[in-house]
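Trainee: If you scroll down you'll find the structure; I have some questions about it.
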Amino acid sequence: MISEGKTRVAMPKRHSAQRARDFEEVALGYSEEQARQEAGRCLGCKKPQCVAGCPVAIDIPGFIEKISAGDFAGAIRTIKQSNALPAICGRVCPQETQCEQVCILGKKGGAVNIGALERFAADWEAGSALEGQEASSCPTRVDAQRVAVVGSGPASLTCAGELAKLGYRVTIFESLHAPGGVLRYGIPSFRLPREVLEREIDYVRSLGVEIQTNVVVGKTLTLEDLFAEGYEAVFVGVGAGLPYFLNLPGENYSGVYTANEFLTRVNLMKAHLFPEYDTPIAIGDRVVVVGGGNVTMDSARSALRLGARSVSVVYRRSRAEMPARAEEVINAEEEGIKFRFLAAPKRILADGRGSVNAVECQEMELGELDESGRPRPRPRKGAEFILPADTVIVAIGAGPNPLLPRVTPALETETDGRLRIDPETLQTSIPGVFAGGDIANEEGTVIAAMGDGKRAARAMDAYLKSKGGRIETARDETRSTEVVTAGRKEQKS
Amino acid sequence: MYPIVRKEGLAPSVWLMEVKAPLVARQPKAGQFAIFRLNETGERFPLTIARHDARAGTITVVFQEVGKSTRQLASLEVGQAIADVVGPLGVPSEIAHFGEVACLGGGVGIAFIYPEIAALHNAGNRITSILGARSGSLLFFVEEISAVSEEVHIFTDDGSKGHRGMVTDILSELLESGRHFQRVIAAGPVPMLRAVAEVTRPYGITTIVSLDPIMVDGTGMCGACRVTVGGERKFACVDGPNFDAHQVDFEELMRRKRGFAQLERQALEQCLALERARAEGLLQDGSRRL
């Protein structure tokens with residue numbers, strides 16, 4: 001390592017030739033030595049900008065100082081006071097636009113690699129005997145008020161964990177057969193290994209949160225049912241479960257997937273292990289992925305790992321406007337993903353049997369700025385080209401899932417389908433029902449969703465207390481057997 | 001886990017299964033379905049809820065062995081359990097007093113149409129049920145459907161039961177002879193549904209068909225089940241599974257249903273080879289792999 005203290009310690013990662021053909025994690029994480037060296041760069045600012053830049057306000061200088069001193073257990077304890085999912089955040093947060101963007105060192109030698117340090121502390125804990133110790137101090141009380149959390153993505157897991165820490169009895173209802181939401185079906189294992197996900201979900205469980213899978217709230221149970229069953233407040237964190245389409249001819253040919261379908265088949269259903277796993281995926285040799293976000297990169301890199309010979313990303317603006325994390329774009333490039341910037345699909349072509357075989361694209365150029373502050377792409381006349389493709393993945397984003405608002409007329413939405421919420425309390429138009437993450441906000445990152453979950457938990461706590469919380473009330477005689485079972489648990493702890 | 005409490009062979013390769021799934025069984029409506037995943041390596045696939053018993057907490061499904069998953073489901077016995085069952089999903093069928101309703105079920109589609117027939121009957125409609133199968137041995141629910149229908153017509157491809165021919169033959173005949181239906185509903189193979197749509201189109205009769213495209217999550221998240229209806233993109237899982245037959249792009253539906261045909265065949269062949277090997281006692285350890 002060169003000139004200690006000056007230069008950011010790079011995160012080691014597997015060689016592109018080796019990693020591009022499997023689903024094992026790309027980034028390897030710091031060694032203890034690397035972590036302490038990087039932690040030593042932190043200036044320990046009195047008024048740390050990084051904490052303000054973190055949606056869940058982790059005491060960043062605090063945990064970094066502990067790493068620097070070799071007190072790794074102290075470091076993870078500090079992080080977990082504010083963040084229940086550190087191993088996930090350390091991997092998938094866009095630190096470069098959050099905490100690291102405002103790091104004073106950003107100007108000289110590079111910001112402290114906060115994400116890598118957070119990941120280090122979380123992974124160190126997993127490898128130590130410490131794990132799960134905190135759970136036994138969990139204060140959940142049998143006579144506490146019950147809270148339902150709908151969905152089990154980052155917003156919901158965070159909200160549930162916070163509420164459990166405050167002593168509420170929390171049940172998460174998840175529609176799929178496995179919890180995690182977008183962390184499960186969306187983010188591939190080479191960025192977020194499944195065992196890391198399991199570990200952090202187990203941690204939330206250890207705080208006293210119960211997770212019920214296979215419950216589609218809005219279908220299996222309505223919000224009314226939840227209140228009728230005794231839940232006194234509900235958090236809705238059902239995410240951006242509505243895929244956007246290009247609305248171009250040929251989009252329904254076989255071999256055209258939304259990123260949601262493609263990634264769900266692989267990440268949730270393990271289609272890459274077909275036929276050992278039953279869910280199939282047909283990938284072919286040539287894959288075209290449309291879009292420019294993180295999901296686009298995830299799709300392209302997954303396609304490569306499924307055995308595609310060539311994978312091209314088609315994006316209508318230039319590299320500078322890509323919403324994907326720079327780090328992931330570099331990873332994709334290293335692995336051999338090709339980029340066709342300033343190109344937009346015009347239509348999708350198929351063979352006689354309705355299977356996709358090419359994408360007709362239009363070359364674009366950048367014009368004046370649009371309302372998002374980015375230059376608006378416009379077609380260059382006469383400049384068209386054909387990209388052969390056996391698979392096309394439409395990865396241009398997703399909107400709020402309309403399932404719940406559709407069956408719950410009292411749940412008001414904005415014109416774009418997002419739930420209308422109070423910006424302070426995150427309460428929806430239904431008293432006692434709160435919402436956060438992509439169903440209510442546009443930010444679209446894991447950490448922003450977690451920030452929402454945390455804020456909502458505080459507002460829900462205030463709401464439940466103002467309702468004359470039963471948290472402090474005496475047991476009444478009519479408690480169900482379920483509570484009795486929970487009571488035994490409490491006596492143990 | 002969701003235990004199987006009843007299993008009954010309705011016809012060769014057609015099974016009825018009653019599964020304990022209390023939350024799904026609370027109040028499913030006619031036309032809704034559940035998504036099954038048999039085990040840790042299983043795929044998610046939809047099955048129509050043919051009956052339910054809220055008190056017992058059970059739902060009943062009927063399925064035909066066509067691919068690996070349905071074959072594996074058929075191999076499960078009472079007392080064994082299914083890893084995941086989620087529902088009820090989809091929009092319930094429109095049940096109202098329409099007047100005269102013709103209900104067409106083809107093959108395993110008879111199971112899909114049965115709860116709708118019962119609900120329409122209870123809503124005071126006069127029901128003409130038209131049931132079809134490849135052969136008489138593949139028919140089921142005939143008594144149950146007869147009990148809630150004013151008129152029942154049976155068709156088989158080979159003439160082994162009822163009339164030889166297609167369910168659409170009698171529908172055309174009835175319409176040509178001046179019978180009026182306020183509504184026609186149908187469930188069955190896509191070519192049958194398309195044929196029904198063509199028969200009723202000139203008469204302008206509202207015709208509702210139940211579609212079963214490939215699905216994954218069943219909550220509108222993945223878009224695998226998209227169908228074109230009236231030129232618009234609809235998701236069968238959350239907008240359907242029932243759609244106006246005169247608006248459905250059946251050609252596209254058939255193509256999309258075949259999208260994974262080759263891989264599905266591969267999975268089935270491997271499953272069959274495994275069964276054969278087991279039968280021959282080659283795999284005494286019960287291992288899944290060959």
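Trainee: What residues have an amide H closer than 5 Å to that of residue B:161, excluding those fewer than 5 places away on the same chain, when H is modeled at 1.01 Å from N in the peptide plane?
Mentor: Placed amide hydrogens put B:136, B:156 under 5 Å from residue B:161.
Trainee: Does a label point 7 Å from the Cα of residue A:442, set along Cα-to-beta-carbon, have any residues of the stretch A:230-250 with amide nitrogen under 12 Å, and which are they?
Mentor: none
Trainee: Please report the relative contact order for chain A, taking Cα pairs under 8 Å with a sequence separation of at least 6, and give it as a percent rounded to a whole number. Walk me through the numbers before you get to the answer.
Mentor: On the way: 1023 pairs, mean separation 78.4, N = 493.
Reported relative contact order: 16 percent.
Trainee: Amide H of residue A:236: which non-local residues (sequence gap of 5 or more, or other chain) have their own amide H closer than 5 Å, using H built in the peptide plane?
Mentor: A:150, A:434, A:435, A:436
Trainee: What does the convex hull of the Cα atoms of chain A come to per residue, in Å³, rounded to a whole number?
Mentor: 170 Å³
Trainee: Continuing with this model, one more query. Roughly what would the spin-label model give for residue B:233 and residue A:97, points 7 Å off Cα along C-beta, in nm?
Mentor: Result for the modelled spin labels: 2.3 nm.
Trainee: Next question. Using the structure shown, select from A:80/A:465; A:46/A:465; A:46/A:467; A:338/A:381; A:13/A:338 the pairs with a Cα to Cα distance greater than 31 angstrom.
Mentor: Distance filter (> 31 Å) returns A:46/A:465; A:46/A:467.
Trainee: Considering only protein heavy atoms, with the full assembly of protein chains and a 1.4 angstrom probe, order A:297, A:364, A:11 by accessible area, largest first.
Mentor: Largest accessible area first, the list is A:11, A:364, A:297.
Trainee: Residue B:201 to residue B:8: FRET efficiency via 1/(1 + (r/R0)^6), r the Cβ-Cβ distance, R0 41 Å, to the nearest 0.05?
Mentor: Computed FRET efficiency for residue B:201 and residue B:8 comes out at 0.60.
Trainee: What angle, in degrees between 0 and 90 and rounded to the nearest 10, separates the Cα long axis of helix A:72-82 from the longest principal axis of the Cα atoms of chain A?
Mentor: Taking Cα atoms only, the helix is inclined about 90 degrees.
Trainee: Here is a follow-up. From the backbone phi of the stretch B:124-139, what are the Karplus-calculated ³J(HN,Hα) couplings (6.51 cos²θ - 1.76 cosθ + 1.60, θ = phi - 60°) in whole Hz, Gly and Pro given as x?
Mentor: Going residue by residue, I get x, 7, 8, 9, 10, 9, 10, 10, x, 7, 5, 8, x, 5, 8, 7 Hz, with x marking Gly and Pro.
Trainee: Further question: Using alpha-carbon positions, what is the distance between the centroids of the stretch A:6-61 and the stretch B:18-80, in Å?
Mentor: What the calculation gives is 47 Å, centre to centre.
Trainee: How far is helix A:294-305 tilted, in degrees, relative to the longest principal axis of the Cα atoms in chain A, given as a value from 0 to 90 rounded to the nearest 10?
Mentor: On a 0 to 90 degree scale, this one is about 70.
Trainee: Give me the distance between the Cα centres of the stretch A:337-370 and the stretch A:263-291, rounded to whole Å.
Mentor: Each part's Cα centre sits 22 Å from the other's.
Trainee: Once amide H atoms are placed 1.01 Å from N in the peptide plane, what residues at a sequence separation of 5 or more from residue A:313, or on another chain, have their amide H within under 5 Å of its amide H?
Mentor: A:289, A:338, A:339, A:340
Trainee: With a probe of 1.4 Å, find how much accessible area the stretch B:1-88 has per residue, and write the answer as a whole number in Å².
Mentor: For the stretch B:1-88, the solvent-accessible area averages 37 Å² per residue.
Trainee: Using a ≥ b ≥ c from the Cα gyration tensor of the stretch A:231-332 (square roots of the eigenvalues), is it rounded, prolate or oblate, where a/c under 1.5 gives rounded and otherwise the larger of a/b and b/c decides, a/b for prolate?
Mentor: oblate
Trainee: Ordered by residue, what ³J(HN,Hα) values in Hz, to whole numbers, does the stretch A:349-359 give under the Karplus form 6.51 cos²θ - 1.76 cosθ + 1.60, where θ = phi - 60° and Gly and Pro are x?
Mentor: After applying 6.51 cos²θ - 1.76 cosθ + 1.60, I find 10, 9, 7, x, 9, x, 9, 4, 9, 6, 10 Hz.
Trainee: Next question. Say each of residue A:247 and residue A:126 gets a label point 7 Å from the Cα, pointing the same way as Cα to Cβ; how far apart are those two points in nm?
Mentor: Between residue A:247 and residue A:126, the simple spin-label model gives 4.2 nm.
Trainee: Calculated FRET efficiency, residue A:429 and residue A:47, Cβ-Cβ r, R0 35 Å, to nearest 0.05?
Mentor: The formula returns an efficiency of 0.35 here.
Trainee: Spelling out what I want: for every residue of the stretch B:191-202, take phi, set θ = phi - 60°, compute 6.51 cos²θ - 1.76 cosθ + 1.60 (Karplus), and round to whole Hz; glycine and proline get x.
Mentor: x, 5, 4, 5, 5, 4, 4, 5, 5, 8, 3, x
Trainee: Moving on. Any idea of the total accessible area buried by the A-B contact, 1.4 Å probe, rounded to 100 Å²?
Mentor: The A and B chains share an interface burying roughly 3900 Å².
Trainee: Can you give the average number of partner chain beta-carbon atoms within 10 Å of each beta-carbon in peptide A:400-407, as a whole number?
Mentor: Numbers: counts 0, 4, 2, 6, 1, 0, 4, 2.
That works out to 2 on average.
Trainee: Related question: Just add up the charged neighbours of residue A:66: K/R +1, D/E -1, any other residue whose Cβ is under 14 Å from the Cβ of residue A:66.
Mentor: That works out to -4.
Trainee: List the lysines whose Cα sits under 22 Å from the Cα of residue B:68, skipping any in the same chain fewer than 8 residues away.
Mentor: Here the lysines satisfying the reach criterion relative to residue B:68 are A:270, B:7, B:257.
Trainee: Report, as an integer, the average count of C-beta atoms from other chains found within 10 Å of each Cβ along A:271-279.
Mentor: 6
Trainee: Rounded to the nearest 10 degrees, what's the angle between the helix A:194-206 long axis and the longest principal axis of chain A, both from Cα atoms, 0 to 90?
Mentor: So the inclination is approximately 20 degrees.
Trainee: Simple spin-label model, 7 Å along Cα-to-Cβ: residue A:33 to residue A:385 in nm?
Mentor: Each label point lies 7 Å from its Cα, and together they span 4.6 nm.
Trainee: Can you give the accessible area of residue A:257, probe radius 1.4 Å, in Å² rounded to 10?
Mentor: Approximately 10 Å² of residue A:257 is accessible to the 1.4 Å probe.
Trainee: If you don't mind, there's one more thing I want to ask. Keeping all protein chains in position, work out how much accessible area residue A:278 exposes to a 1.4 Å probe, and write it in Å² to the nearest 10.
Mentor: 10 Å²
Trainee: When the accessible area of each residue in the stretch B:250-264 is compared between its chain alone and the complete protein assembly (1.4 Å probe; ligands, DNA and RNA ignored), which residues differ by at least 40 Å², being lower in the assembly?
Mentor: Buried by the other chains: B:255, B:256, B:260, B:263.
Trainee: Sequence neighbours fewer than 8 away in the same chain don't count; with that in mind, list the aspartates and glutamates whose C-alpha is under 12 Å from residue A:346.
Mentor: Straight-line reach from residue A:346, under 12 Å: A:251, A:360, A:363, A:384.
Trainee: Among B:181, B:114, B:154, whose Cα sits farthest toward the positive end of the charge dipole of chain B (+1 at Cβ of Lys/Arg, -1 at Cβ of Asp/Glu, about the Cα centre)?
Mentor: B:114
Trainee: Of all accessible surface on the protein assembly as shown at a 1.4 Å probe, what whole percent is carbon and sulfur?
Mentor: Exposed carbon and sulfur together represent 50 percent of the surface.
Trainee: Using only atoms on other chains, find how many Cβ atoms lie within 10 Å of each Cβ of peptide A:244-253 and report the average. Kindly include the intermediate steps, with their values, before the conclusion.
Mentor: Working: counts 1, 3, 0, 1, 0, 0, 0, 4, 10, 4.
So the per-residue partner count for this stretch is 2.
Trainee: Below 12 Å, Cα to Cα, which aspartates and glutamates can residue A:165 reach? Residues fewer than 8 away in the same chain don't count.
Mentor: Within reach: A:134, A:461.
Trainee: Only counting protein heavy atoms at a 1.4 Å probe, give the residues of the stretch B:208-231, ordered by number, whose accessible area falls by 50 Å² or more when the other protein chains are present relative to the chain alone.
Mentor: Listed in order, they are B:216, B:219, B:221, B:222, B:226.
Trainee: Please label the shape of the stretch A:12-135 as rounded, prolate or oblate, based on the square roots a ≥ b ≥ c of the eigenvalues of the alpha-carbon gyration tensor (a/c under 1.5 means rounded; beyond that, a/b larger than b/c means prolate, else oblate).
Mentor: On the way: a/c = 1.59, a/b = 1.15, b/c = 1.38.
Oblate, since a/c reaches 1.5 and b/c is not below a/b.
Trainee: How big is the accessible area of residue A:219 in square angstrom, nearest 10, if you roll a 1.4 angstrom probe over the protein chains?
Mentor: Here the accessible area works out near 40 Å².
The values are calculated or read from the model by the stated rules, or taken from the named source; none is laboratory data. From a predicted model like this one, the values you see are computed outputs, not experimental measurements. Virtual Cβ from ideal backbone geometry, glycine too; neighbours counted across all protein chains shown. Just so you know, the surface numbers come from the protein's heavy atoms only, side chains and all, with ligands and any DNA or RNA stripped out. Shrake-Rupley method; radii C 1.70, N 1.55, O 1.52, S 1.80 Å.
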